[in-house]
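What follows is one structure encoded as structure tokens, with my remarks underneath.
The values are calculated or read from the model by the stated rules, or taken from the named source; none is laboratory data. Predicted, not measured: the structure shown is a model, and the values here were computed from it. Here the Cβ positions follow ideal geometry from the backbone for every residue, glycine too, while neighbour counts run over all protein chains shown. These accessible areas exclude ligands, DNA and RNA; they are computed on the full protein's heavy atoms, side chains included. Shrake-Rupley method; radii C 1.70, N 1.55, O 1.52, S 1.80 Å.
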Amino acid sequence: MNDDLGPPVSSKSSPERGPIVWSIQRSLRTKLVALIASLLAGVLCFVIWYFPRHMEQSARDWAQRRATDMTTLLAISSAPGLDFDDTASVSELLSGLSVTHDVVYAAVRRQNGSVLAAYHADMLPADVSGGADHGDPDRAGILRVDLPVRGKGGSTGTVTLGIARDELERQVVAERTRVFELSMAVFIVALALASLIGTVLVRPIQRMTEVALRIANGDLSQGELKVESQDEVGRMAAAFDRMLRSLRELSATADRVAHGDLVGRLAVEGPVGDAFNRMVESQRVIVKQISDTSVQLATAATEIHSLARRQQGTATLQSMGVETASHTIEALLESASHIAESATGVLGNAERTKETTESMSKRFAELTGHTNRIAELLEVIREIADRSDLLALNASLEATRAGEAGRSFSLVAAEMRRLAERVTASVQDVKLLVADVRAFGSSTIMATEEGRRLAESTTESARQITLVTQKQRTGTEQFSQGMRDITVTLTESVSAATQICASAEALKVRANALAEIVGRFRVDAASAANPRPETAS
Amino acid sequence: MDEATPSATRKLIPARIDETWLTFDADLVQEITAGRAWMPVPRASALVPGVVAWRGRAVAVLDLAALAEAGPGRREARGQPRHRTVIAESSDCFLAMPVDVVHEVQDVDLARVRAREASAFPHAPTEVEMFGTFAAIVDLPSLVRAVFEEGALGGHDPEEPSR
């Protein structure tokens, strides 16, 4: 309630606050006294400033006129003496100035500037005496008047008169002091009167302030002010009493609301009563909503708890699976490295195999050329053997015709024919062998060519395997990194699920407590019989 | 050759055509040459299908394979060049006989010569055991007569119109 009425008024001033804040926080009496004091101070400052200056100027004007008048009188009086150059009469005339207490010097000078007569000649200024300056340091404190003189005889001259300002200054200071003392006296008296009037005027307000402070402190047990006056303060006191009664009723209703009774209404009319009744109505609606919401919240907290439990279990299983997969990926990565090394080795072997098969192919081509040459030579040998066979046969015939003489030749021919026959048979065998060798060479060439193509294919495959393995290793590394990230995420997820589970448990407890608290409110007549709604288990 | 002339031995030249071994009297054989292609004679007999050139003269080709066809011989090698050609003379008639294999002159004891039993070659009344089989001893004069004079074999190609 203190917050609603604002902070309490403090009589202490804060040094860091400005004069406006200071004036706002003062009491009304202090403000009134300060106002009157300020007005009086202004008026008195004006009086102290204006009147002494005015009087000083008047005194200066009076002194000027007096000096001028005295000089004029001296000029008129000394004119005959000037005509006759009568120093004695003029000196006598000037000596009459001794009755005055403020004339410092006086002199009558001829037309040529020489002094005819002088009063206090030692005080004359240098331009008047024509001699050295007498060293008077206070020439500024002397009022000098020069006035021309013309005698009836036609003689001319100058009368010079010096009057001291000291007296004038003393009078001015005396007048100023008197005005200041009088002003201060008036100020003090006016301040005392202002304080007295302020005390009388502010007393009912001070009482209302005290009562308001107690109300602000929560004490509504104050008696009514009962101010009898009919002025503004009295009307304000009556309104204050009425406000106090309304506050008491408001306090009682608020106390009932605080104890959970949201059924009653405030009988105070006006915006405050309407606002209070709307507030209570809103609280009633809010309490109903909070009651419903607390039940739903408890149910939701239970579901969240269950879901968090399941999520925690799932995340744990996922984490274990991901960890296993991570190990597998690590093994796969290591295998990929081995495969890459093996593929590099296979690539080298395939390239060497390709070179070897190409060399073999060249060798087999040369072997085929040799076998062709051998076949040609065999054909020549076969022809020779065939011709030998023919020769042997015909020789045998001729030996037969020769009779007994050709018998030995016949044997030689027979032997030669058998030799040719064996040669032919051997050539045939060799030809078969050569044919086998050629066929073998052809098949070997084909096999070598196939091997070369296979080696090329193997080389290309090994190169592709190397590239693919490299990509696989890169991809596996990225996948492994991803798995590690997933592991971290899942670990955080498990932790978060655990926290969610604990939070859901706490939320369920809070929701049940909230439902129990809300159940204490009486929002309708029916709820009075069953003030505590059911809470979620 | 005159078989009536008594001799302790008989000089024979064995030759093989397809699977059939034959023998010729060495006295009648003039030369053994390499196998050569003979020039076919239009509308000639199947037994003498053409001629070959030998020592500046045209020699009739006697197809022994066709002759052997009357017996168990094979016909598919007929007319084809064979490895050897046996040039023989009988009754002032020269014959060129393509054969596959010819061996040197064999001095055969007459006791080994017997009447034809195992072989089936015509114009070979006798046979001799040689190289593990029985080789017919061709009677070239009889054969020449049969082919060129008597036409006993009627040597016509069955697929050719007879003259």
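Run the numbers on the stretch B:6-44: which residues show a drop of 50 Å² or more in accessible area, chain on its own versus all protein chains together, using a 1.4 Å probe over heavy atoms?
B:Ile32
When the helices in the protein assembly as shown are scored as -39500 (n - 2.57) per DSSP H run of 4 or longer and the sum is shared across all residues, what 222 nm value do you end up with, to the nearest 500 deg cm²/dmol? Provide the component values of the computation, followed by the final result.
Details: 12 runs with 418 residues, N = 700.
It comes out at -22000 deg cm²/dmol, rounded to the nearest 500.
Can you bin the stretch A:137-199 into rounded, prolate or oblate? Criterion: square roots of the alpha carbon gyration tensor eigenvalues sorted a ≥ b ≥ c, rounded for a/c under 1.5, prolate for a/b above b/c, oblate for the rest.
Numbers: a/c = 8.99, a/b = 4.23, b/c = 2.13.
Prolate is the answer for the stretch A:137-199, as a/c is 1.5 or above and a/b outweighs b/c.
With every atom except the alpha carbons ignored, what do you get for Rg and Dmax of the stretch A:281-364, in angstroms?
That works out to 33.9, 111 Å for Rg and Dmax.
Suppose every K and R has +1 on its Cβ and every D and E has -1 on its Cβ; what is the size of the dipole of the protein assembly as shown about the Cα centre, in Debye to the nearest 20? Mind showing how you got there, number by number?
Numbers: 76 positive and 92 negative charges, 690 e Å.
That gives the protein assembly as shown a dipole magnitude of about 3320 debye.
How large is ³J(HN,Hα), in whole Hz, for each residue of the stretch A:43-48 in order, when computed from phi with the Karplus curve 6.51 cos²θ - 1.76 cosθ + 1.60 and θ = phi - 60°, using x for Gly and Pro?
Each residue of the stretch A:43-48 in turn: 4, 5, 4, 5, 4, 5 Hz.
Mind giving me the nanometre distance, one decimal, between the label points for B:Asp100 and A:Thr30, set 7 Å out from Cα along Cα→Cβ?
Spacing of the two 7 Å Cα→Cβ label points: 15.7 nm.
Just how large is the dipole of the stretch A:246-365 about the Cα centre, in debye to the nearest 20, putting +1 at every Lys and Arg Cβ and -1 at every Asp and Glu Cβ?
Details: 12 positive and 15 negative charges, 40 e Å.
The dipole magnitude comes to about 200 debye.
How well do other chains shield peptide A:385-395, expressed as the mean number of their Cβ atoms within 10 Å of each residue Cβ?
Numbers: counts 0, 4, 1, 0, 8, 6, 1, 3, 11, 7, 2.
That average works out to 4.
Leaving out ligands, DNA and RNA, and with a 1.4 Å probe, what % of the accessible surface on the protein assembly as shown is carbon or sulfur?
59 percent
Apply the Karplus parameterisation 6.51 cos²θ - 1.76 cosθ + 1.60, with θ equal to phi minus 60°, to every residue of the stretch A:50-59 and state each ³J(HN,Hα) to the nearest whole Hz, in sequence, with x for glycine and proline.
7, 5, x, 5, 5, 5, 5, 5, 5, 5
At a probe radius of 1.4 Å, what is the per-residue accessible area of A:Glu181, in Å² to the nearest 10?
Probe radius 1.4 Å; accessible area of A:Glu181 about 110 Å².
Ordering A:Ser294, A:Ser457 by how much accessible area each has at a 1.4 Å probe, largest first, what is the list?
Of A:Ser294, A:Ser457, the descending order of accessible area is A:Ser457, A:Ser294.
Roughly how many Å is it from the Cα centre of the stretch A:386-465 to that of the stretch A:240-278, as a whole number?
Taking the Cα centre of each part, the stretch A:386-465 and the stretch A:240-278 sit 138 Å apart.
Among A:Leu454, A:Val412, A:Gly162, whose Cα lies farthest out toward the positive end of the dipole of chain A, if unit charges sit on the beta carbon of Lys, Arg (+1) and Asp, Glu (-1)?
Farthest towards the positive end: A:Leu454.
Set Lys and Arg Cβ to +1 and Asp and Glu Cβ to -1, take the dipole of the stretch A:165-281 about its Cα centre, and tell me which of A:Met236, A:Gly218, A:Pro204 lies farthest positive.
Checked the options; the winner is A:Gly218.
Evaluate the distance, in nm, between pseudo-label points positioned 7 Å from the Cα of A:Arg422 and of A:Val468 along their respective Cα→Cβ axes.
6.3 nm
Once the whole set of protein chains is in place, how much accessible area is left on A:Phe180, using a 1.4 Å probe, in Å² to the nearest 10?
100 Å²
Viscosity 0.692 mPa s, temperature 37 °C: Stokes-Einstein D of the stretch A:434-489 from its Kirkwood Cα radius, in µm² per second? Intermediate results must be reported in sequence, preceding the final value.
Numbers: Rh = 14.6 Å.
In µm²/s, the coefficient is 224.
I'd like the accessible area for A:Lys288, computed on protein heavy atoms only with a 1.4 Å probe and all protein chains in place. Round to 10 Å², please.
90 Å²
Quick check for me: using +1 on Lys/Arg Cβ and -1 on Asp/Glu Cβ, what's the dipole size of the stretch A:149-249 about its Cα centre, in debye to the nearest 20?
Numbers: 14 positive and 13 negative charges, 90 e Å.
Computed about the Cα centre, the dipole is about 440 debye.
Over all directions, average the projected area of the Cα convex hull of the protein assembly as shown and note it in nm².
Numbers: hull surface 442.3 nm².
With every direction weighted equally, the projected area is 110.6 nm².
Using only the heavy atoms of the protein chains and a 1.4 Å probe, how would A:Arg463, A:Arg422 rank by accessible area, largest first?
Numbers: A:Arg463 95, A:Arg422 125 Å².
Largest accessible area first, the residues go A:Arg422, A:Arg463.
Give the calculated FRET efficiency between A:Val488 and A:Ser306 to the nearest 0.05, with a Förster radius of 25 Å applied to their Cβ-Cβ distance.
Numbers: r = 26 Å, r/R0 = 1.05.
It comes out at approximately 0.45.
Once you have the Cα-Cα distance between A:Ser38 and A:Glu351, take 0.36 nm times their residue separation minus that, and quote the gain in nm to one decimal. Let's see the in-between values first.
Working: separation 313, 0.36 × 313 = 112.68 nm, distance 11.44 nm.
Gain on extension, A:Ser38 to A:Glu351, equals 101.2 nm.
If A:Cys45, A:Cys501, B:Cys93 are ordered by their accessible area, calculated over protein heavy atoms with a 1.4 Å probe, which sequence runs from highest to lowest?
Values: A:Cys45 85, A:Cys501 10, B:Cys93 30 Å².
Ranking A:Cys45, A:Cys501, B:Cys93 by accessible area, largest first, yields A:Cys45, B:Cys93, A:Cys501.
I'd like to know which of B:Leu64, B:Ala115, A:Leu377 lies farthest towards the positive end of the charge dipole of the protein assembly as shown, counting +1 on Cβ of Lys and Arg and -1 on Cβ of Asp and Glu.
Positive-most Cα among the choices belongs to A:Leu377.
How far is it, in nm, from the label point at B:Arg116 to the one at A:His327 when both lie 7 Å from their Cα along the line to the Cβ?
Output for this residue pair reads 10.0 nm.
Provide the buried accessible surface between chains B and A in square angstrom, both chains summed, 1.4 Å probe, rounded to the nearest 100.
Values: alone 8330 and 33750 Å², together 40790 Å².
Buried: approximately 1300 Å² between A and B.
Taking every residue in A:397-407, how many Cβ atoms of other protein chains lie within 10 Å of its Cβ, on average?
Values: counts 10, 2, 3, 9, 6, 0, 0, 0, 0, 1, 1.
That average works out to 3.
Using amide H atoms built in the peptide plane, which far-off residues or other-chain residues are under 5 Å from B:Arg116 H to H?
Those qualifying (amide H under 5 Å, at least 5 residues apart or on another chain) are B:Thr126, B:Glu127.
Taking amide H positions as placed 1.01 Å from N in the peptide plane, with prolines and chain starts having none, which residues 5 or more places from B:Ser90, or on another chain, fall under 5 Å of its amide H?
Amide H neighbours of B:Ser90: B:Leu95.
Return the average number of partner chain Cβ atoms within 10 angstrom of each residue Cβ along peptide B:99-111. Intermediate results must be reported in sequence, preceding the final value.
On the way: counts 0, 0, 2, 5, 8, 18, 12, 2, 3, 0, 0, 0, 0.
Per residue, the number of nearby Cβ atoms from other chains is 4 on average.
With r defined as the distance between the Cβ atoms of A:Ala239 and A:Ala126 and R0 fixed at 60 Å, what FRET efficiency is calculated, to the nearest 0.05? Kindly include the intermediate steps, with their values, before the conclusion.
On the way: r = 85 Å, r/R0 = 1.42.
Using R0 = 60 Å, I get an efficiency of 0.10.
What residues of the stretch A:410-448 lose no less than 30 Å² of accessible area with every protein chain in place versus their chain by itself (probe 1.4 Å, heavy atoms only)?
In the stretch A:410-448, residues shielded by partner chains: A:Arg417.
Taking a probe of 1.4 Å, how large is the accessible area per residue of the protein assembly as shown, in Å²? Working shown, then result.
On the way: 40790 Å² over 700 residues.
Heavy-atom accessible area per residue stands at 58 Å².
In whole Hz, with x marking every Gly and Pro, tabulate ³J(HN,Hα) for the stretch A:254-265 from phi via Karplus 6.51 cos²θ - 1.76 cosθ + 1.60, θ = phi - 60°.
Rounded to whole hertz, the list is 5, 5, 5, 4, 5, 7, x, 8, 9, 8, x, 10.
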